[in-house]
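Beneath this line is the structure, given in structure tokens, with notes to follow.
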Amino acid sequence: TTFTSMSPAALVDEILALKLDAFIVVNLPVNVSAKLLENGLPVISTSESAIRHKFFSCPGDLYEAAKMAGDFLVEKIGGRGTVIVAGGGADVGEDRGESRIKGFQDAIQGYPEITVHYAPCFWDYERAYGQIKSVIKGIDGLIDAGFGLSDSLALGIYESLKELGRSNPNMVL
């Protein structure tokens, strides 16, 4: 939250003033990462990124992991049911979860009896919880499965469904 309230230039100055050996971050704006890298500070991102630099590290494309999760989910719900997917789309950083969303979509594309509801949300549990809960309130019936694009979002789905009493007893998450 502090990162988003500062101007990118001020944020870069604050980080560089710390004289760090490396900076580990989740979903930092691209322009901030680029400036840190230009100044020789290695950046380790836990989010997907298109940035390529010798001092930059991030996970590769997460398509295959999401496709595998989608295939598992399809099998567990028998190719039919109501699913909520939560993640991406609300933060200021580069990671919008596109490869995970695409992998999941590809896994379920041959199953017309699966209805998917998407909850675009922040990546952190505290801000995402209300966004996820709001989408669930708009869905009729019980939810058969949930797919969070991160662990914190999977927890947000689980807790929201539990609080609202909306999960199928055999729900897959």
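The values are calculated or read from the model by the stated rules, or taken from the named source; none is laboratory data. Just so we're clear, the structure is a prediction, and the values are computed from it rather than from any experiment. Every residue, glycine among them, receives a Cβ derived from its backbone with ideal geometry; neighbour counts consider all protein chains shown. To get the accessible areas, we keep the full protein, side chains included, count just its heavy atoms, and leave off ligands, DNA and RNA. Shrake-Rupley method; radii C 1.70, N 1.55, O 1.52, S 1.80 Å.
Observations
- Restricted to region 150-173, and to residues there that are of a type in the set (Ser, Thr, Tyr) and either at pLDDT 95 or above or outside any strand (DSSP E or B) (or both), the residue that is surrounded by the most Cβ atoms within 10 Å (Cβ to Cβ) is SER160.
- Annotation note: Cβ proximity below 8 Å between a residue of region 59-84 that is exposed (fewer than 15 other Cβ atoms within 10 Å of the Cβ) and a residue that is among the polar types (S, T, N, Q) and assigned to a helix (DSSP H, G or I) (sequence gap 6+ or interchain) occurs for ASP61/SER99.
- THR115 being hydroxyl-bearing (Ser, Thr, Tyr), open to solvent by 20 Å² or more (accessible area, probe 1.4 Å) and free of Cβ contacts under 8 Å to residues at least 40 places away in the same chain: yes
- When residues of region 46-58 are limited to those that are touching a residue at least 24 places away in the same chain (Cβ under 8 Å) and in contact with a helix residue (DSSP H, G or I) (Cβ under 7 Å, 6 or more places away or on another chain), the one surrounded by the most Cβ atoms within 10 Å (Cβ to Cβ): GLU48
- The number of residues in region 30-84 being among the charged types (D, E, K, R), part of a helix (DSSP H, G or I) and either in contact with a Cys (Cβ under 6 Å, 6 or more places away or on another chain) or under 30 Å from ILE136 (Cα atoms) (or both) comes to 5.
- Scanning region 16-27 turns up at least one residue that is within 15 Å of PRO59 (Cα to Cα), surrounded by 13 or more Cβ atoms within 10 Å (Cβ to Cβ) and touching a residue at least 24 places away in the same chain (Cβ under 8 Å).
- When GLY141, GLY87, GLY130 are checked against the criterion of being modelled with pLDDT of 90 or more, not charged (D, E, K, R) and not in a loop (DSSP other than H, G, I, E, B), GLY130 stands alone in meeting it.
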